[in-house]
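Before any comments, here is the structure.
The values are calculated or read from the model by the stated rules, or taken from the named source; none is laboratory data. Please read these numbers as outputs of a predicted model, since none were measured by experiment. Counting neighbours? That spans all protein chains shown, and the Cβs are built from the backbone with ideal geometry, glycine included.
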Amino acid sequence: MLGRRRGPACALVVAAMALTAATAWAAAPSERVPVTTLRPLLMAALAHGTAHGTLVGDAVPFMTQHFGSAAPIEIDVRTLHPLPQPGCQRLEVTTTQRAVLDPKTARTQDATLRYQISYCRHGDFPAARRP
């Protein structure tokens, strides 16, 4: 019988569920989503403007050994501006890890890598422009 209800109460439940999902991706950086790849954060940022995650999975042991830090690798993605191709935007990705060993000084310091990428809602890069 629940499937037959289509009144204001049903609309309120659907709206609450949508708001809850949106809040999970638009959460503060302290409420990070565990990710094994960058793609879920790119897609979430396209949908909600920002996304925050922490890298987990197979890449973590390599990164720990390579950078000499067991600190979490935090990833923040935000939209910068729409691109001419529908559904595509320019995104800024910021990756941060604390206490990374600097091989030149043998001291630890926080490391940040910031770059931009163009990405689309269909889960791929924008089509190349033809001259």
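Considering (1) out of contact with any His (no Cβ under 8 Å at 6 or more places or on another chain); (2) without any contact (Cβ under 8 Å) to a residue 60 or more places away in the chain; (3) surrounded by 13 or more Cβ atoms within 10 Å (Cβ to Cβ), the lone condition that Ile117 does not fulfil carries the number (2).
Scan the range 101-114 for residues that are closer than 21 Å to Thr36 by Cβ and either in contact with a Cys (Cβ under 7 Å, 6 or more places away or on another chain) or surrounded by 15 or more Cβ atoms within 10 Å (Cβ to Cβ) (or both) and the total you get is 1. When Ala28 is tested against (1) among the small types (Gly, Ala, Ser); (2) at pLDDT 50 or above; (3) surrounded by 13 or more Cβ atoms within 10 Å (Cβ to Cβ); (4) over 19 Å from Tyr115 (Cβ atoms), just one condition goes unmet, and that condition is (3).
Determine whether the range 88-100 contains at least one residue that is over 18 Å from the mean Cα position of the chain (by Cα) and of a type in the set (Gly, Ala, Ser). The answer is yes; a qualifying residue exists.
Selection of first residues in the range 81-93 that are at positive phi and surrounded by 12 or more Cβ atoms within 10 Å (Cβ to Cβ) and of second residues that are of a type in the set (A, V, I, L, M, F, W, C) and not in a loop (DSSP other than H, G, I, E, B), restricted to Cβ pairs under 8 Å at least 6 apart or on distinct chains, gives the following pairs, ordered by first then second residue: Gly87/Leu46; Gly87/Cys120.
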